[in-house]
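Visitor: This is the structure, below, for whatever I ask next.
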Amino acid sequence: MTNTQINQIIHEARGLCWHMIEYRKDEITMPRFRCSKCPDRYPQNNPDYTSDWSNWGEALEWAQRQKWWADFAYEMRPASPVHTILNVFLREDLLSPSEGSTALAGFIVKHPEYFKKEVEK
Ligand SMILES: [Zn+2]
């Protein structure tokens, strides 16, 4: 997976728009940059979870609030049985943006059942 793919997978799993920003010029308003996928009037640049600690921190906090977090942490547990005895269930290297975002995007792709969009009633 490329860093862009990792970023988009995580961002969309959070329910956020991966903006496709284009320059629009219409007759009524001043020309401006808009997203072709959502109505956001002032779309920000898409975040980089793979190298930006602030963005990755937001994603990590979001992930820890999800019902699948325990499954993710268990899948990513350290191999050493000592860690299991100490109740350490997430490899320390996954706290870093590059390693953590790669693991999280892989988990999202592997478990689409956790990320199905709710059907509106
Ligand atoms: Zn958008």
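Visitor: When both residues are 6+ apart or on different chains and their Cβ atoms are under 7 Å apart, which pairs have a first residue that lies in the stretch 30-52 and is over 27 Å from Thr102 (Cβ atoms) and assigned to a loop (DSSP other than H, G, I, E, B), and a second that is more than 10 Å from the ligand (Cβ to nearest atom) and at pLDDT 90 or above?
Guide: none
Visitor: For the stretch 21-47, name all the residues that are more than 12 Å from the ligand (Cβ to nearest atom) and out of contact with any Pro (no Cβ under 8 Å at 6 or more places or on another chain).
Guide: Asp26, Glu27, Ile28, Thr29, Met30, Pro31, Arg32, Pro47
Visitor: When Trp56 is evaluated against the numbered criteria (1) buried (at least 16 other Cβ atoms within 10 Å of the Cβ); (2) within 13 Å of the ligand (Cβ to nearest atom); (3) within 12 Å of the chain's Cα centre (by Cα), which criterion, by number, is the only one it fails?
Guide: So Trp56 meets the others, but not (2).
The values are calculated or read from the model by the stated rules, or taken from the named source; none is laboratory data. Values in this document were obtained by computation on a predicted structure and should not be read as measured data. Glycine gets a Cβ as well: all are built from the backbone with ideal geometry, and neighbour counts include every protein chain shown.
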